[in-house]
Structures are given as C-alpha cells and as structure tokens.
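The values are calculated or read from the model by the stated rules, or taken from the named source; none is laboratory data. None of these values were measured; they are calculated from a predicted model. Virtual Cβ from ideal backbone geometry, glycine too; neighbours counted across all protein chains shown. Remember, those area values only see protein heavy atoms, side chains included, never the ligands or the DNA or RNA. Shrake-Rupley method; radii C 1.70, N 1.55, O 1.52, S 1.80 Å.
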Amino acid sequence: MQVYADNAATTKISSRALQAMMPCFEKFYGNPSSLHSVGQEAKEVLDEARAKVAACLGCEAREIFFTSGGSEADNQAIRSAAFYGAKKGKKHIISTAFEHHAVLHTLKALEKEGFEITLLDVKEGHNVTAQQVKDAIREDTCLVTCMYANNEIGSVLPISDIGAVCKEAGVPFHTDAVQAVGHLHINVKEQNIDMLSLSGHKFHGPKGVGALYVRRGLPLVNIIEGGAQERGKRGGTENLPGIVGMAVAMEDACANMDQNNAKVTAMRDKLIAGLEKIPHCALNGDRENRLPGNVSFCFEGIEGESLLLYLDAMGISASSGSACTSGSLDPSHVLLAIGRVHDVAHGSLRLSLSHENTDEEMDHILTAVPQVVELLRNMSPVWRDLQTGKREYIL
Ligand SMILES: *Cc1c(COP(=O)(O)O)cnc(C)c1O
C-alpha cells in the first residue's frame, strides 16, 4: 500500500486544476499584455482567475498580486512594510519564533539592515496569543507578521484577534497563510488582515505559483523589477497556466472545505489517538486549534530520519517536520521554539493528510509507526540508557 502523508510539503495536483491548465498552453497562449485578440483572450482568462482567488478570500480582484509562490509573497509583503516603515522612522517588526524560513530569513536580512525584530515565544500551548502581540507593539512597529497556521506542528493562530489588535494600534498585519488557504475559512476584511501570502501547491494546485493579497492603499515594493504586469508591482509575463490551475484548485478547496475537513479531521484524530499509545512520545502543536490534516509527534530515543526511511520502505511518505530543513542536521527551529530539547526534536514525525487519504491508509500507518519505533528503539544506545536509568526520560 502506498500512502502519501506529506501534504504539508506539497499536494498532488487535482485533475480539475490540471484540466483547466491545458487550454492555457494550447489555446490561450497569448501574452496578456499584448493588444491583439490572442493576447486579450489570455487577459480575460487571467482576470477570471484573479476574481476567483479574490472571492475565496473576501477581497477585491485588484487586491490580488500573483507571484511565483508563497516564499516570494512573504518576501514582498515584509520588504514592503519594512521599506515604508523605515521612511517614517519605524524599524521594529513583530513575528513569531516558529515562522516559515521565507519569513524568518527575510527578517534576518532586515535585521542586518538595521531593523529590530521581536520574535514572540511559542512555548505556551505551542501557539501565540493576541495579548502577546499587543504587549510587543511599540511606537516604532511597522509590521506584525504571524503565520495563519504552522506547517510543521499544525497550530492555528488566533488571526482574527491579532488582526483586531493590529487594527487598533494602526500597525499593518501580514499573515503567511500558505498552510491555511483552502483548508480554513478566511475572510481578510472581517479578520482585519492587511496582507496575506498563499501558494497553489499546498491545496492541490500547481507548484511555482502563489499570490499576495494586499489591502487597497497599502504600498508595495517590487521584488521582481520588470514590466507593468501586476499593476507594476511584479514584473514578468504572467504564468497563466499556473495561475488558472491555482484558481480552480482554490475555488474547489473553498467550495468543498467543510466536507473535506470533516473527513480529514476524523482521520487526523484517529492517528493522534493511536500514536499517543506509544510510550514516551508527545504530540507537537496546539491540540485544540489545529490544522485538520496535521499530526506531529516526537518519539524519545529514536532518530526521525531513520523512522522516515523505514516508513518509506513500508510505502508511507511522511516527513520529520519541514521539507525545507530535511537534509540538514540541525533539528527543526519550530520544535526547538516550542521547547523540545535537541535529542527529542530529532525524533520527530509529521504526517500531513488530505481528503484523498483513506481510512485504510490510516490503519496501515497505525500498524507501521509503532512497529518501526520499537524496532529503532531496540537498536538505539540512547534508548538502552533510558531503560537502564543511565539517562532520564524527558517525555
Ligand atoms: C510551503 C510554505 C511556504 C513556501 O511556499 P512556496 O510556494 O513553496 O514558496 C511558505 N510558508 C509556509 C507556511 C509554507 O508551508
């Protein structure tokens, strides 16, 4: 049995999205900036896609800027707020310790350019509170950027409350909603979100395409200089097949959200309940406010990498945390941020589900994971030390 349980890293494109893309290669191949009718037909298709994306977020079409993905959208949102903040002498930015690297590394770069960054602590409940944001806001704060939902541990942040706090203080609020769009109900106006990043491939759309929502009136700087595309804010001929595929996938994800989430949440809860029976393990992330498809655990006395390889051999594609940190020996900054010590953080497993998974697949995971954990523990010198009392259990 093959089980794909790494949907937080990327999803399989839906057949509807794929089908919607094909005419963009064969029929609507014109450049939307061309004045002839072939170009103008492509422009119409582009406008239609923009309207679909806007409808899912509750904003206007002209507030949507297409990008090459979530990372570019994050970079542009943060760079824009920083540039216009600095013009007013405001060089303080608030974020959280468990953001995606697209946010954290942009903030690191800004720090080198003289900005002061406050990263909110996420140990308590593996989440942040709006009160923490409120307490951190200063006279010179030019941006609050907090992810909508964490990609590794699934915590869903209190975005509406944070939005209200930011609105009250008059500070622009950006959210990296890459894990939330298509999975959670979002309305940028009701939630007082000023900027929002999303990515097509996290909700069964194509890779290499995303969008940035920017509230009308908020100024942007370019990350990609070039032509007048995207109201002059993102140069480059539009990736029409990608944009159309993303728009269709987003429309479907939003239309089927409640139905999909009911199924995915039930599978998630079954996995959590089953895996919690393994001794000396801990669930990562906020138990109540959690992405429908996220299961994240730390198992003491094992290496997450070995666990993944054994699971792969049993047909299960999982992750130790983030696809972006795998390949490096450092434990995940997210797991360290929630307070897991190095040894424990190394024994992590993330299973991220989609509506395409089945109950039989969950049964296979629930058989395989306890077996592999036991096998690895039996080979582990650390586990032996824990069992003989030479070392103390943490979990
Ligand atoms: C995947 C992801 C990104 C990056 O999106 P890309 O489209 O792959 O650049 C950013 N933030 C979060 C939370 C993600 O999960």
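What the table below lists for this structure:
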| read-out | value |
| --- | --- |
| Listing of helices (runs of 4 or more DSSP H) fully contained in region 254-352 that carry 1 or more residues being closer than 19 Å to Glu99 by Cα and away from the ligand (no atom under 16 Å from the Cβ) | 333-337, 342-346 |
| Options Gly163, Gly217; residue that is free of Cβ contacts under 8 Å to residues at least 24 places away in the same chain and either farther than 16 Å from Arg79 by Cβ or open to solvent by 20 Å² or more (accessible area, probe 1.4 Å) (or both) | Gly217 |
| Qualifying residue in region 360-373 (condition: at negative phi, part of a loop (DSSP other than H, G, I, E, B) and not hydroxyl-bearing (Ser, Thr, Tyr)) | no |
| Failed item in (1) within 14 Å of the ligand (Cβ to nearest atom); (2) over 30 Å from Ser296 (Cβ atoms); (3) touching a helix residue (DSSP H, G or I) at 6+ places or on another chain (Cβ under 6 Å), with Arg216 passing the rest | (1) |
| Of the criteria (1) within 12 Å of the ligand (Cβ to nearest atom); (2) farther than 26 Å from Cys24 by Cβ; (3) buried (at least 21 other Cβ atoms within 10 Å of the Cβ), which one Val144 fails | (1) |
| So His100, is it within 11 Å of the ligand (Cβ to nearest atom), modelled with pLDDT of 95 or more, buried (at least 20 other Cβ atoms within 10 Å of the Cβ) and under 28 Å from Pro292 (Cβ atoms) | yes |
| When residues of region 234-250 are limited to those that are of a type outside the set (S, T, N, Q) and out of contact with any helix residue (DSSP H, G or I) (no Cβ under 8 Å at 6 or more places or on another chain), the one least open to solvent (accessible area, probe 1.4 Å) | Gly235 |
| Identity of the residue in region 181-207, more than 14 Å from Glu251 (Cα to Cα) and within 16 Å of the ligand (Cβ to nearest atom), that ends up nearest to the chain's Cα centre (by Cα) | Ser197 |
| Strands (runs of 3 or more DSSP E) enclosed by region 101-192 - at least 2 residues per element that are more than 30 Å from Ser352 (Cα to Cα) and not aromatic (Phe, Trp, Tyr) | 116-120, 141-145 |
| Test result for Ala102, assigned by TED's automatic domain parsing to the domain that holds Glu225, under 30 Å from Glu48 (Cα atoms) and not basic (Lys, Arg) | yes |
| Selection from region 72-97 of residues that are polar (S, T, N, Q) and open to solvent by less than 20 Å² (accessible area, probe 1.4 Å) | Gln76, Ser80, Ser95, Thr96 |
| Search result, residues across region 24-67 that are among the small types (Gly, Ala, Ser), farther than 21 Å from Asp252 by Cβ and surrounded by 20 or more Cβ atoms within 10 Å (Cβ to Cβ) | Ala42 |
| Count of region 108-143 residues which are touching a helix residue (DSSP H, G or I) at 6+ places or on another chain (Cβ under 7 Å) and aliphatic (A, V, I, L, M) | 8 |
| Odd one out for Gly321 among (1) in contact (Cβ under 8 Å) with a residue 60 or more places away in the chain; (2) open to solvent by 40 Å² or more (accessible area, probe 1.4 Å) | (2) |
| Complete set of residues in region 1-23 that are open to solvent by less than 80 Å² (accessible area, probe 1.4 Å) and within 16 Å of the ligand (Cβ to nearest atom) | Ala5, Asp6, Asn7, Ala8, Ala9, Thr10, Thr11, Ile13, Ala17 |
| Region 78-93, residues that are in contact (Cβ under 8 Å) with a residue 60 or more places away in the chain and in contact with a Ser or Thr (Cβ under 6 Å, 6 or more places away or on another chain) | Ile78 |
| Residue within region 158-177 that is more than 16 Å from the ligand (Cβ to nearest atom) and touching a His at 6+ places or on another chain (Cβ under 6 Å) present | no |
| Count of residues meeting criterion [farther than 14 Å from Cys146 by Cα and of a type outside the set (A, V, I, L, M)] in region 168-217 | 23 |
| Selection within region 67-97 - part of a loop (DSSP other than H, G, I, E, B) and of a type outside the set (S, T, N, Q) | Gly69, Lys88, Gly89, Lys90, Lys91, Ala97 |
